[in-house]
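S.K.: The structure under discussion is supplied below as structure tokens; questions concerning it will follow.
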């Protein structure tokens, strides 16, 4: 296979390592481009799994371009190693990097020179990658590519215009550069996403309900419901299938097919994590995203309400990028690279099956490291039944009995099964408790601490799954933990909490990627655990619902009115006191005026007498006159 394309045959100038096709510079910079260029240029590890780059992310703009999770949207697909791929709108190159590690030829086109320069720096050691400054209009209209990727781009094609024609024209251009049998991959936010229904702001406008209302106000971008996008792709000559992405296509953790909703509604309900993150603007807590999603799944319409859509649109008949028997892909990528796991759900005779592999094969390390042993089951059946966690909510009267049975599964062992927590237990149709997804073992984690860990995770998960009112009288996570601990005969004192915090922080520090050093990770993990224990059940869910806040605001207003009324009554009473004082002052002022008048009359009389009498007599007379008035003559 030749490593050339019509695009590579064009004679165009280079700038910052990029081949310059045109200078559109569409002006959607977020201001982080120079900082990203500095970070990437100085990095030693440029790989798509680079923790060096991930640790340099400090805000949304850098996270979006540097963390390994960004490439999961394409990691989920089976791109042939010899494929030629055209990437439209590569940004700063996080997906470009993964493509360059995976397929033979990558042509990436980006309209912003500053972003293209970062993408080129990120792929500077990959000979199969070329980065171009330009747009799809600059790509020769020849069928040269096995796959065309449009990741977070289609919505910007017409600057938010409501007219579908510019978007349709763009899709037809994509069709023109694909080989027969090739696939167009479109990843885009779903305007009907469950997070938007629940009150999250629209990702492009930062306003709630914009996409649900059809972008009635001006917007820089426009997204499309599944049926609309499917119809557009059909008009452009494609045959499309759709995948649901959570929390979205930007940092996907779970990607699911329509078939999963039919074969295992329970998995379709539980694979996504809720609430979905609010990257920039906190949402109004209008409804519970998880409970809304559960209702949508139960109603058989959930595939239309995924937060993001991934369309695999084929041109004719060709190799599929997604096997027919695969129903979901789940990524555990926010870990140290050697522990990152890819889990697939496959349809097999008699049911469904999990298949787990290392996400980053080139970084997969030893099964154990120090006191942590990583041993995920490579193949595991999907156990039919109900999650223990959900049963604790649906049958609260059974909670003590179910928790005691769970505690009975937890052994005292040198290598503690820390994953043996309620969220990893299924209650079968025969009412048997079966442990699933037992991935981790930790040496030195005592049994009581393992039980407390399970109850801690259970409390957090229960709080996220239901209204706080259903878990009363507990107010905080620790309250709920202590209530459940009492039901299994476990005393949660400060000593046990301290042991759990220390052991869990040590475990998390070996696995997570929050800080560069182990000591820093231990400190952060311990702080996070202590803080979580003190959270109210509402805070676990992201805050109180809007209706609760509204009711409280109404009560606060009533209280303010009462305070104002009390203040007014006090003010009126004080006004009466002031009036009395003013009356008294007026009387005193009148007395003072009379006294002054008498004084000046006496002085005048004395002065008159002094003029007629010898000085000595005059002084005596004056003194006598003043004495009669009860006054003294002022000193001269």
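S.K.: With a/c under 1.5 counting as rounded, go ahead and sort the range 152-318 into rounded, prolate or oblate using the C-alpha gyration tensor (a ≥ b ≥ c being the square roots of the eigenvalues; past the cut-off, prolate if a/b is larger than b/c, else oblate).
M.R.: Oblate is the answer for the range 152-318, as a/c is 1.5 or above yet b/c matches or exceeds a/b.
S.K.: Rounded, prolate or oblate: pick one for the range 1-145, where a ≥ b ≥ c are the square roots of the eigenvalues of its C-alpha gyration tensor, a/c under 1.5 means rounded, and failing that, prolate if a/b is larger than b/c, else oblate.
M.R.: Oblate shape, in that a/c is at least 1.5 and b/c is the bigger or equal ratio.
S.K.: Extending each Cα 7 Å along its Cβ direction at residue 320 and residue 415, get the distance between those two points in nm, one decimal.
M.R.: Output for this residue pair reads 3.8 nm.
S.K.: Per residue of the chain, what 222 nm ellipticity follows from adding -39500 (n - 2.57) for every DSSP H run with n ≥ 4, rounded to the nearest 500?
M.R.: -13000 deg cm²/dmol, from helical runs alone.
S.K.: Hey, fewest Cβ within 10 Å first, where do 196, 600 land in order?
M.R.: Fewest to most other Cβ atoms nearby, the residues stand as 600, 196.
S.K.: While we're on this one: Between residue 530 and residue 494, what length in nm is gained on full extension when 0.36 nm per residue of separation is reduced by their alpha carbon distance?
M.R.: Here the answer is 11.8 nm.
S.K.: Looking only at the chain, where both bridge partners belong to it, what percent of the DSSP beta bridges are antiparallel (to the nearest 5)?
M.R.: The answer is about 70 percent antiparallel.
S.K.: Mind ranking 240-249, 329-338, 386-395 by how tightly packed they are, going by the mean number of other C-beta atoms within 10 angstrom, highest first?
M.R.: Taking the mean over residues of other Cβ atoms within 10 Å, the ranking is 240-249, 329-338, 386-395.
S.K.: If you fit an axis through the alpha-carbon atoms of helix 477-487 and take the longest principal axis of the Cα set of the chain, what angle between them do you get, 0 to 90°, nearest 10?
M.R.: The answer is roughly 70 degrees.
S.K.: A further question follows. Could you let me know the centre-to-centre spacing of the range 62-103 and the range 160-204, using Cα atoms, in angstrom?
M.R.: 18
S.K.: Still on this structure, I have one more. For the range 384-544, what class follows from the C-alpha gyration tensor (a ≥ b ≥ c being the square roots of its eigenvalues): rounded when a/c is under 1.5, otherwise prolate if a/b is larger than b/c, else oblate?
M.R.: oblate
S.K.: So what is the relative contact order of the chain, in percent, for Cα pairs below 8 Å that sit 6 or more residues apart?
M.R.: 9
Every read-out reported here was derived from the displayed coordinates using simple, explicitly stated rules and does not represent laboratory data. What you are looking at is a predicted structure, and each value in this text was computed from that prediction instead of being measured. Note that each Cβ is placed from the backbone with ideal geometry, even for glycine, and that neighbours are counted across all protein chains shown.
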